1. Taking every eigenvalue of the Cα gyration tensor of the chain, multiplying by 5 and rooting it, what semi-axes result, largest first, whole Å?
2. Between Glu28 and Met52, what length in nm is gained on full extension when 0.36 nm per residue of separation is reduced by their alpha carbon distance?
3. Only Cα pairs within less than 10 Å get springs; with that Gaussian network setup on the chain, which residue of Arg31, Arg19, Arg55 has the largest fluctuation?
4. With axes computed from alpha carbons, what is the tilt in degrees of helix 2-26 against the longest principal axis of the chain, rounded to the nearest 10 within 0 to 90?
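Readers should treat all values here as calculations from the given coordinates under stated rules, not as data from a laboratory. Since the structure is predicted, the reported quantities are computational estimates derived from the model, not experimental observations.
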Amino acid sequence: MWRSLAVLIVVGALLGMVRLVRDLAAGEPLRVLVYQIVLLVVSGLLMVFVVMRLRSLRQRLTLLERPDDGGG
């Protein structure tokens, strides 16, 4: 589920970048450009959260799979 969310965020961010470049080339008003930039920043922050969650889940899975050394 988290990997799928990461893929959706990346695809959305790429589309947002394309849209931002298109709007810049078309000479759109500043408020439109600010809106696009805010969306990209929010996507980036969400991606950071997803990556942190994936790392913690992977670390937890690694700890669970590690065999016990028997204590001695």
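1. Values for the chain, descending: 42, 10, 7 Å.
2. So the extension gain works out to 5.1 nm.
3. Arg31
4. Once rounded, one gets 20 degrees.
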